[in-house]
Amino acid sequence: MDYRRGVVTGESVWRAILLYGANSATYKFAFGATLLEAAATGRNHVTLEELAPRYAELLCEALQRQPRQGTSARSKFLDTCRAFNAGELDRDMLHRRTVQLGFSNVVDAFPKLGGDQAPLSYYEDQRRNSAAPGLVLRDELLELAGSVHAQDLDAETAARWRLVETAWATGISDGVLGPSLVYDPDQQALVLQSKQRRRSVTGVVAALNGYQDGRCAYCNELMTQNVGSGPIVEHVLPWKLLTRLWRGPDVDAIWNLVLACWSCNNAKGGRAPHETWMPWLEQRNNDLIESRHPLREVLMAQTGATTAERHDTLKLAYRRATELLPTVWTPPVAGHRA
Ligand SMILES: [Zn+2]
């Protein structure tokens, strides 16, 4: 991703904050979404009283979806949200308690990346300013909220939120999902598969878009939701290998899925990309693993626990794929990020 590759933009740092790093509670997702919405109105100052209703609403909804929203046993604020959901508290009281309890850690923690201050900030903390208490929203945030990618950022945050809470709900202690998370091509979604049932967790586009900076995996052009620019979920090693004498890892799995624009997807057809492009995929998978992404375990189970193992797995899969389907496709900018 851009930021990790040294390009600091409002968008890349935002993605780093929300898509990378370990999670101990889901407040930052609710807070990020609330901030973006507040900034979309164009105002540059908000009070906690103004942020509280939406912020609490997102967390109350999340608790209804999934009772576990943090790794610590108790949280006064989450208990308040639970009490509201149970009808034991009215909306006014919920908002008042949210102002008292809900922001204490998240306002300080949000602008941090791996313990350090992020290279740019989205607001100034003026909570102690008695004349105008609240947060001053900086231009970086206002621009982000007004950009064509604001919706993508929102969807990416929601996708990571679903993955994190699903990982906790499956009871795996360090918050990662095992190989029971599979790709459903009909829904283009990640699906949690148990013996009893399949349950859709989140869309693949939203789950992967941020890790490609919203750019096509092959031509590096920015993708928007418009018809013509994608993004479409793309099998790097073609899906039709599964109908041949394929001996290799499941190609219908996250390690082999990328997002591409319509024109690259069309041009590629049922071919593998040229070998020189493949380091991009290897790097993308390594980025996801390093990001503490809930898909980390899935990727490691599919392709190997170490970078060396994953390199070999990918090389072997590529060789076998091109033995069966020897005609390859050269992307417009081969190996542009390798
Ligand atoms: Zn493209």
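The values are calculated or read from the model by the stated rules, or taken from the named source; none is laboratory data. It should be emphasised that the depicted structure is a prediction, and the values quoted were computed from it without experimental measurement. Virtual Cβ from ideal backbone geometry, glycine too; neighbours counted across all protein chains shown.
Hey, can you tell me all the residues within region 235-247 that are more than 16 Å from the ligand (Cβ to nearest atom) and outside any loop (DSSP other than H, G, I, E, B)?
239, 240, 241, 242, 243
Report, by residue number, each residue of region 185-226 that is more than 16 Å from the chain's Cα centre (by Cα), assigned to a loop (DSSP other than H, G, I, E, B) and more than 14 Å from the ligand (Cβ to nearest atom).
185, 186, 187, 194, 195, 196, 197, 225
Given the criterion buried (at least 20 other Cβ atoms within 10 Å of the Cβ) and over 21 Å from residue 140 (Cβ atoms), identify the matching residue among 86, 52, 16.
Checking each option against the conditions leaves just 52.
Restricting attention to region 89-122, report how many residues are hydroxyl-bearing (Ser, Thr, Tyr) and touching a Gly at 6+ places or on another chain (Cβ under 9 Å).
1
Just wondering, is there one or more residues in region 22-32 that are modelled with pLDDT under 90, in the same structural domain as residue 117 (by TED's automatic domain parsing), hydrophobic (A, V, I, L, M, F, W, C) and within 28 Å of residue 286 (Cα to Cα)?
Yes, region 22-32 has at least one match.
Restricting attention to region 91-119, which residues are touching a helix residue (DSSP H, G or I) at 6+ places or on another chain (Cβ under 8 Å), closer than 16 Å to residue 55 by Cα and part of a loop (DSSP other than H, G, I, E, B)?
Answer for region 91-119, where residues must be touching a helix residue (DSSP H, G or I) at 6+ places or on another chain (Cβ under 8 Å), closer than 16 Å to residue 55 by Cα and part of a loop (DSSP other than H, G, I, E, B): 103, 105, 110.
Of the residues 152, 125, which is buried (at least 20 other Cβ atoms within 10 Å of the Cβ) and modelled with pLDDT of 80 or more?
That would be 152, the only listed residue that is buried (at least 20 other Cβ atoms within 10 Å of the Cβ) and modelled with pLDDT of 80 or more.
Could you pull out every one of the helices (runs of 4 or more DSSP H) wholly within region 248-338 that has 3 or more residues that are modelled with pLDDT under 90 and more than 16 Å from the ligand (Cβ to nearest atom)?
278-290, 296-303
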